[in-house]
Ligand SMILES: [Zn+2]
């Protein structure tokens, strides 16, 4: 039984810590060129890491002049996917128009190389889904989804995914989403290493998260683990 952390910043952990996450299949998302290269190096050492290359929207103001390097990494064939990428209407410094323009380019590249997208879309959920649908992005994960419940149907019909974070136990909005979402679109994530209120997020939290999800969905844990792994493979295949 493989459990999955579909969104984790492994480049921020040291190798001793990563050792402790053995047995968990981890998507290592990246923020910029340096972290993408580091994630790739870690994936060569740890076979449970699937490396993703990306430019996080929060740092776009300092990475935007290196888009050509990002493109080269994406085209290199070394990565399992693209992320963390996206748009953020609340916390990013770059204007939303610029974020959208870059995200659109990245979507086009993802289609060209047939790689899944691991997306941050805070405050822009609907627009991001529309862009992906319009361009024909095949595989996309909306990480830490806290968008409208009404969009879950569109996400499902598009063949896209959302990831549930351990913070679901303290974020009522996320709990409502988990309650309403089809098990077929669910993935688990930590977004570690990150602190959210009293919670310290890391891949070690995924076991507890599975218990919560299984309980909310009224199924046993083994069933949930198997369903999420199936979803994960579908997400990676694109
Ligand atoms: Zn993240």
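The values are calculated or read from the model by the stated rules, or taken from the named source; none is laboratory data. These figures come from a predicted structure and were not determined experimentally. In this analysis, Cβ positions are derived from the backbone assuming ideal geometry, glycine residues included, and neighbour counts consider all displayed protein chains.
Some points to look at:
- Here the helices (runs of 4 or more DSSP H) wholly within the stretch 1-109 that include at least 2 residues being closer than 26 Å to residue 234 by Cβ and away from the ligand (no atom under 16 Å from the Cβ) are 33-45, 67-75.
- Residue tally, condition part of a loop (DSSP other than H, G, I, E, B) and away from the ligand (no atom under 16 Å from the Cβ), over the stretch 129-146: 4
- Of all residues assigned to the stretch 156-173, at least one qualifies as being within 29 Å of residue 14 (Cβ to Cβ), surrounded by fewer than 16 Cβ atoms within 10 Å (Cβ to Cβ) and either touching a residue at least 40 places away in the same chain (Cβ under 8 Å) or more than 16 Å from the ligand (Cβ to nearest atom) (or both).
- In the stretch 18-27, the residue that is surrounded by the fewest Cβ atoms within 10 Å (Cβ to Cβ) out of those that are in contact (Cβ under 8 Å) with a residue 40 or more places away in the chain and under 12 Å from residue 46 (Cβ atoms) is 20.
- Among the residues examined, residue 159 qualifies as outside any helix (DSSP H, G or I), over 13 Å from residue 6 (Cβ atoms) and under 18 Å from the mean Cα position of the chain (by Cα).
- Residue list for the stretch 201-238, filter: modelled with pLDDT under 95 and either surrounded by fewer than 16 Cβ atoms within 10 Å (Cβ to Cβ) or touching a helix residue (DSSP H, G or I) at 6+ places or on another chain (Cβ under 6 Å) (or both): 237
- Residue check for residue 193: within 16 Å of the ligand (Cβ to nearest atom) and either crowded, with 16+ Cβ neighbours inside 10 Å or within 18 Å of the chain's Cα centre (by Cα) (or both): yes
- Subset of the stretch 203-223 (residues that are within 16 Å of the ligand (Cβ to nearest atom) and touching a residue at least 40 places away in the same chain (Cβ under 8 Å)): 203, 206, 209
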